[in-house]
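S.K.: I have a structure I would like to understand better, so I am pasting it below and will then ask my questions one at a time.
The values are calculated or read from the model by the stated rules, or taken from the named source; none is laboratory data. Keep in mind that this is a model prediction, so the values were computed, not measured. Cβ: placed from backbone, ideal geometry, glycine included. Neighbour counts: every protein chain shown.
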Amino acid sequence: MAQRALLLAALLAASAALFGCALGQKSVSVTVYVEGTVSIFQSIAAGSSPKESFLTPPVEEPEFIYTLIDRATDKPSAFAAIRVNFSDKAASLLSDGDLVQAPLTLELPLEKAVLLGLDPESSPDDYAAGDSGRRLLISEAHEQARRMALDFNETRRSLQEVQTLLGLLNTLELLSFDQVATSDEPVIVEKSSEKDLFIVDGKQLEIRSVTFVFSSSSCNVFPPLDSNDIRQLWFNNDQGNGTLQNYFETCSYNQLTFNQEVNPIFDVDIPCVGSTAVGPYNFRTGYGNGKNTDNELFALPALAKSFLRRNYPGILERWSSYRRQIFIFPFNFQQQWFKPYATAQFGCSAKASDCWSWINPSMRESSLDVSRVFQALASNTGLKSSDAPGLPYGDPSDPLGDVWVNGIRENITCVNAPQSYKAGWSSPISRGHISAFTLPPGVHRDFILPAMGLNKSNHLRIITDNSTGFIDDSSLKSQRALFVSYRVSSQEAGGYDSGLYQGWNNRVWIHEFDSRANGQPAGKPSVLLKVLANERRSPDVPGWGMLGNNFTTVLPNGGGVTIFFKSRTSSSAKVSVCRSVTQNEGASKATCSDGLDNDCDGRVDSEDPDCASFITRTPPPATNKAKSTTSQPPPKSLMETIEGFHFDV
């Protein structure tokens, strides 16, 4: 408590100017100091078809919403949740569950502040209720909001009190529709523990969840999906192997389990208009709080707990043991007011009792996109999206990207190598965890990569950031690295990558990722950089030009690293890695005669056209000499002399 008091005192001492605003300023600020737990929510868009991938971005880019929640008391009426814009400080709040103290600032437009008697050019007496001269008639609610704003400014308040003020200001339409509180100086009082369900040292973990399938007879909302349908999608059965259980168990190499006995599912009928501890909600139109969809989202956990309290109190008593709570409801049954296909709490703390995901199917769906549900639950664990350059969700090989699963009810497509590494599911091959800066220049080093589905030690991790040296996986520091992996579609229904789109089958994938398998949430998404194969372009992959047989990245101290595709089988691929020290082999006579491939283009010394000016040619033999009768093999073509290039014919 003493530490918290000191932190609060520091915040108060560093606060902004006194309440009010200077002449010419267009708003009035109210600053309140609060303490709360950070919760982060990630939006998840619906998937696309393979013909749409890479041609257009997803319907909705991922959005991260930061919320302060007060869970300091068990009283339902004391629950409070407030969206906060932490601006550039959000990067330091990666961990859901961090306890923070923060100054929250509300900006009232000047014309709205005038209605509360907060006009800096006038005396408060000018705005007392009455009808004389300049006096402004305001309602009792306006007077209450005015008193609260004056009383709260530059003081410490609970989140419940601030939520009451925000609700009143929104009811009086004194804040804009999408306005949220801002905080530029949050102070972390207590960091949350490591995130749950990351695999550490290969120790098997059990996923325990509770799922609620909502309907609303009061609004005549009876979705085509019920608990029996969800069981068919969640657990392995004779209806198909594209199940949530198969995603977790197969993609994690059976290091995670997802058994029906500890993952109950309930049908729940709810009022579609009502109120919970957070405030009023309206599932017909959304925006029960007048500014965003938070009240509707938070209503579902509250209504689920009420259902359990009445019918299954034992489940409610063990609520915190069910590490995932999943809420399924067709939010847009009447009109579209909720855009994401799913929203999930990001990087749930192992200590927190709540870890939520909301799924938003349409009223026409008799099934779910299980790959998107899997993404929501992976987001709970602390995995961010799988991107392509400039394209969020752009990785077509990963359910955390824009995957299209071939046979969605029968098959699965697993995560890419950096996501699997981050989750602790897979690791680099033997001697495949290397620093690019330790590779001998100009020398091609070969590696055999097993198909990811065959071995959990399956990829290269090549460090390309030498600012911190070679650091241990457990370090909290970021370190940029390339991941090189080989993906093959299993021929077994429901097998590893059995749903991988055929245009991406038997390919070597290169990603960039800066996080490690340290049990903490990812700071940035993984980014797909290149797909390697024998052919330079695949005709069945429309509109995508990232396919080739080599890839080069520039290193920060000059030079670069080039990765070549050499050969493949149905179970493994051979690649070579070369560090270059120059972009031009012919930069000097020395580099054209040292036996090294200094520019890592696959051609050494005299084989490289860059060295033409340094090559001394042997004069042709005299015409009067007898020709040798010794049999000589025909000269090799240029392509045959380039080790590592093989082309399908």
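S.K.: Sort out which residues of the stretch 302-350 are charged (D, E, K, R), buried (at least 19 other Cβ atoms within 10 Å of the Cβ) and over 18 Å from the mean Cα position of the chain (by Cα), and write them in order of number.
M.R.: Once the filter is applied, which keeps residues that are charged (D, E, K, R), buried (at least 19 other Cβ atoms within 10 Å of the Cβ) and over 18 Å from the mean Cα position of the chain (by Cα), the stretch 302-350 yields only Arg323.
S.K.: Could you grab me the full set of residues in the stretch 237-255 that are touching a residue at least 60 places away in the same chain (Cβ under 8 Å) and either out of contact with any Phe, Trp or Tyr (no Cβ under 8 Å at 6 or more places or on another chain) or farther than 18 Å from Leu368 by Cα (or both)?
M.R.: Result: Gln239, Gly240, Asn241, Gly242, Asn246, Thr250, Cys251, Ser252, Tyr253, Gln255.
S.K.: Restricting to the stretch 505-520, count the residues that are at pLDDT below 90 and on the phi < 0 side of the Ramachandran plot.
M.R.: So the count comes out to 5.
S.K.: While we're here: Determine the pairs where a residue that is under 13 Å from Thr343 (Cβ atoms), located within the stretch 296-314, has a partner that is of a type in the set (Gly, Ala, Ser) with Cβ atoms under 6 Å apart, the partner being 6 or more residues away or on another chain.
M.R.: Glu296/Gly286; Phe298/Ala81
S.K.: Of everything in the stretch 109-121 that's surrounded by 14 or more Cβ atoms within 10 Å (Cβ to Cβ) and over 15 Å from Leu175 (Cα atoms), which residue is modelled with the lowest pLDDT?
M.R.: Pro120
S.K.: Being surrounded by fewer than 21 Cβ atoms within 10 Å (Cβ to Cβ) and not assigned by TED's automatic domain parsing to the domain that holds Ile65: is that true of Asp196 here?
M.R.: Yes: the conditions hold for Asp196.
S.K.: Evaluate the following for Pro428: is it out of contact with any Gly (no Cβ under 7 Å at 6 or more places or on another chain) and in contact (Cβ under 8 Å) with a residue 60 or more places away in the chain?
M.R.: Answer is no for this residue.
Let's see how each residue does on (1) modelled with pLDDT of 95 or more; (2) over 24 Å from Arg318 (Cβ atoms):
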| position | (1), (2) |
| --- | --- |
| Val210 | yes, no |
| Asn236 | no, yes |
| Val278 | no, no |
| Asn282 | yes, yes |
| Glu296 | yes, yes |
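S.K.: The conditions are (1) modelled with pLDDT under 95; (2) crowded, with 22+ Cβ neighbours inside 10 Å, and Ser353 fails exactly one of them. Which is it?
M.R.: That leaves (2) as the condition not met.
Yes/no per residue for (1) modelled with pLDDT of 90 or more; (2) under 17 Å from the mean Cα position of the chain (by Cα):
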| residue | (1), (2) |
| --- | --- |
| Ile359 | yes, yes |
| Glu365 | no, no |
| Asp369 | yes, no |
| Arg372 | yes, yes |
| Ala376 | yes, yes |
| Asn380 | yes, yes |
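S.K.: Which members of the stretch 224-267 meet the condition of being among the hydroxyl-bearing types (Ser, Thr, Tyr) and under 20 Å from Asn406 (Cβ atoms)?
M.R.: Within the stretch 224-267, Thr243, Tyr247, Thr250 qualify.
S.K.: Would you pick out the residues in the stretch 388-427 that are within 13 Å of the chain's Cα centre (by Cα) and charged (D, E, K, R)?
M.R.: Asp395, Asp398, Asp402, Lys422
S.K.: While we're on this one: Just the residues that are exposed (fewer than 11 other Cβ atoms within 10 Å of the Cβ) and modelled with pLDDT of 85 or more, please, taken from the stretch 123-157.
M.R.: Result: Glu140, single match.
Residue-by-condition table, conditions (1) modelled with pLDDT of 90 or more; (2) more than 37 Å from the chain's Cα centre (by Cα):
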| position | (1), (2) |
| --- | --- |
| Ser570 | yes, no |
| Asp594 | yes, yes |
| Ser628 | no, yes |
| Pro635 | no, yes |
| Glu640 | no, yes |
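S.K.: So, in the stretch 158-184, exactly how many residues are exposed (fewer than 15 other Cβ atoms within 10 Å of the Cβ) and either touching a strand residue (DSSP E or B) at 6+ places or on another chain (Cβ under 9 Å) or in a helix (DSSP H, G or I) (or both)?
M.R.: Count: 3.
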